[in-house]
Amino acid sequence: MPVAHQISAFTEFITASPSAFHAAANTRDALVAAGFTEDTATSPGGHVLIDGGAVIAWWIPENPKPGFRIVGSHTDSPGLMLKPQPDVEREGARQVAVEVYGGPILSSWFDRELRFAGRVALLDGSTRLADTGPVARVPNLAIHLYRGDAPEIDRQVHTQPIMMVDSPIMDIVAGSAEVAVDEIVAHELISADAQKPEVVGDMLAAGRLDNVSSLWASISALVRAVKEKPEHVLVLASFNHEEVGSASVTGAGGPLLERVLTTLAESTGQPLDVFRQSTMISADAAHAVHPNYPGKHDPTHRPLMNRGPVLKINANQRYASDAVTEAAWTRAARAADVPVQTFAGHNSVPCGSTIGPIASTRLGIPTVDVGIPLLSMHSARELAGVQDQLWFADALTAYFVGA
């Protein structure tokens, strides 16, 4: 597939996936279009299951070898989540009451057009996806009204968006879900940047690259890999709530993946120690060296954009990589002719974490943490290298196939 077409398909997926729930649904649709079926069957072929904002897909060969090959990622991103009663009014302005979700760079959410997206639950027990389109904005305070450095952002007082249209937010949500507003009894709706992704030269600017970049690469890899008739059971798992610790029914700390893998193990005659014979890639974005803040990175581990996906290592187990799984990742990348960079943190700078340590601890599956390097991680709009995204899908394909 030509590079321009691959990136266009990716940016369309980002635009159509403003929330974890949309990302899960769009993953299902992409896999169904590629020949998977939406069910929980354990027959040979491809199957996909949605659970809220999480999605798991698996492909079973005719006579599978022992062990699973798993790529895990997450569907959620930091942002501003609507509170249960979101319609408020202050100083004559219609506003939206929000709660900060995860660890966003709050200043990046100011002065940009926001859409709110996610799911609504109806009185009859059903759910619908909703996406308002651009409707709100968090305005900055004019510089004339303060002096010196910008005022500190109060998470309660200063982050409440102003509606740009003269309608209650829930009326707009109901319209986008094609239901009456009084049918909605609950909702999970989060902010998303309304501006579409932009490719400029060899860079991609977009919202939710952390972690739709990994989800899309894993979808692409799975679709390509099954055409090669691999010998292992292949699994794609993308969880919700990673940005808030993964401790939920649909998070990596929950039972979802374990239940699916246990069922697959029993139905395909896997050995009792199947988890130890399996491997998992925890696919999540990595930190590129910021040229304006080079001292934040270790002097000898300096990932750069468009130089290849990043292998992430941490002695304190913030990442799940160990020597054996690091070697397995390197082997897959070399089979795909993809360069590998390595991230190890600066000893004086805090280190983030991923689903890797959580899922591998719960399941006992050897895991490696990898991802494409980003700048502006957790901003409303992040920056990635186009070539890194393409390379990442190539390396994940090689892993699935059996390199």
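The values are calculated or read from the model by the stated rules, or taken from the named source; none is laboratory data. The structure displayed is predicted, hence computed values, not measured ones. When we count neighbours, we look across all protein chains shown, and the Cβ atoms used for this are built from the backbone with ideal geometry, even at glycine. The protein model used for the area step is the full one, side chains on, heavy atoms only, and it has no ligands, DNA or RNA in it. Shrake-Rupley method; radii C 1.70, N 1.55, O 1.52, S 1.80 Å.
A few notes on this one:
- You can think of it this way: the chain between Thr361 and Lys83 has 96.8 nm of extra reach, that is 0.36 nm per residue less the Cα-Cα gap.
- Projected label points at Glu99 and Thr127, each 7 Å from Cα along the beta carbon direction, are separated by 1.6 nanometres.
- What the phi angles of the stretch 50-62 give under the Karplus curve with 6.51, -1.76 and 1.60, with θ = phi - 60°, is a coupling list of 9, 9, x, x, 10, 9, 10, 10, 9, 10, 10, x, 4 Hz, glycine and proline written as x.
- The chain - share of DSSP beta bridges that are antiparallel (%, nearest 5): 70
- Gain in span if fully extended, Asp111 to His5, counting 0.36 nm per residue against the direct Cα distance: 35.0 nm
- Surface exposure of the chain, expressed per residue as accessible area with a 1.4 Å probe, stands at 43 Å².
- Length released on extending from Ala323 to Thr300, taking residue separation times 0.36 nm less the Cα-Cα span: 6.4 nm
- Cα centre as origin, Lys/Arg/Asp/Glu Cβ charges: the chain dipole, Debye: 1000
- Residue-averaged 222 nm ellipticity for the chain, from DSSP H runs of 4+ at -39500 (n - 2.57), nearest 500: -8000 deg cm²/dmol
- Using θ = phi - 60° and Karplus 6.51 cos²θ - 1.76 cosθ + 1.60, couplings along the stretch 15-21 (whole Hz; Gly, Pro as x): 4, 7, 10, x, 9, 4, 5
- Inter-site label distance for Thr40 and Tyr293 at 7 Å from Cα along Cβ, in nm: 4.4
- Of Met377, Ala194, Gln85, farthest towards positive along the dipole that unit charges on Lys, Arg, Asp, Glu beta carbons give the chain: Met377
- When +1 charges are put on Lys and Arg Cβ atoms and -1 charges on Asp and Glu Cβ atoms, the dipole computed for the stretch 79-193 relative to its Cα centre reaches about 280 debye.
- Residues of type aspartates and glutamates that Lys229 reaches as a straight line, Cα spacing below 14 Å, ignoring anything fewer than 8 places off in the same chain: Glu62
- Relative contact order %, the stretch 79-193, counting alpha carbon pairs below 8 Å whose residues are six or more apart: 37
- Residues of the stretch 2-36 with amide N under 20 Å of a point placed 7 Å along Cα→Cβ from Lys227: 2-13, 27-36
- In this structure, Ala33 and Glu178 have a Cβ-Cβ separation that, at R0 = 30 Å, corresponds to a calculated FRET efficiency of about 0.80.
- Under 5 Å, built H, 5+ apart or other chain: amide partners of Gly207: Glu382
- Taking the chain and dividing mean pair separation by its residue count, relative contact order in percent (alpha carbons under 8 Å, at least six apart): 22
- Computed from the Cβ-Cβ distance with R0 of 51 Å, the FRET efficiency linking Val199 to Glu266 stands at 0.65.
- Think of the stretch 79-193 as having a plus end and a minus end, set by charges on the Cβ of Lys, Arg, Asp and Glu; of Leu145, Ala177, Gln156, Leu145 sits farthest toward the positive end of this dipole.
- Alpha-carbon spread of the chain, three principal axes, descending order, Å: 67, 56, 40
- Using a cutoff of 8 angstrom between alpha carbon atoms and counting only pairs six or more residues apart, the relative contact order for the stretch 177-328 works out to 14 percent.
- Expressed as a whole percent, the accessible surface of the chain that belongs to carbon and sulfur atoms is 52, based on a 1.4 Å probe.
- Alpha-carbon Debye profile of the stretch 79-193, log10 I(q)/I(0) at 0.14, 0.18, 0.23 Å⁻¹: -0.57, -0.88, -1.33
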